[in-house]
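The values are calculated or read from the model by the stated rules, or taken from the named source; none is laboratory data. Predicted, not measured: the structure shown is a model, and the values here were computed from it. Cβ coordinates were reconstructed from backbone atoms using ideal geometry, including for glycine residues, and neighbour counts include every protein chain displayed. For accessibility, only protein heavy atoms count, side chains too; no ligands or nucleic acids. Shrake-Rupley method; radii C 1.70, N 1.55, O 1.52, S 1.80 Å.
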Amino acid sequence: MTMTNSVTDTTIVTIPAPAKINLYLTVTGRRPDGYHLVDSLVAFTTLGDVLTIKPGQPLNVTSDGPFAANMPPPYKNLVYLAAQRLADAAGVAARADITITKNLPVAAGIGGGSADAAAALRALASVWGVSDAQVNLEEIGLP
């Protein structure tokens, strides 16, 4: 994560969201909400999407890059949903303009959307001054 200056409303944060390669993946069950339970081992690549976050703006998610055309609308994007859940859990205003440079194909099974959401949670927790004692990012990241 790169910050251009100290964390303020004028800080611009960039954070990579690397792709993953499943070395193995086994579906072990299904949750009551329909999501699958999986057991997997992954390795991360140097390739991935990049998030640029401008704090202090109303929550918005836009996309650019070679695979941006296939992105869902902002309010259905995993990054938007993760940001809103973090703000709600921490009791802070969800204020950030987030641009996803989409270098990974959408729905390719290489973790693009989930990696983007995880990167956003880490960066936004830092930008918004949310500590590990206030929230559990793992729980917030679960669908």
Reported set for region 32-54 where residues are in a loop (DSSP other than H, G, I, E, B) and open to solvent by less than 60 Å² (accessible area, probe 1.4 Å) is G34
How many residues are buried (at least 18 other Cβ atoms within 10 Å of the Cβ) and either at negative phi or of a type in the set (K, R) (or both) when one looks only at region 104-121? 11
Please specify each residue of region 75-102 satisfying the condition of being open to solvent by 50 Å² or more (accessible area, probe 1.4 Å) and of a type outside the set (A, V, I, L, M). Y75, K76, Y80, Q84, R85, D88, G91, R95
Filtering region 103-135 for residues that are free of Cβ contacts under 8 Å to residues at least 40 places away in the same chain and either closer than 18 Å to L25 by Cβ or in a loop (DSSP other than H, G, I, E, B) (or both) leaves a count of 9
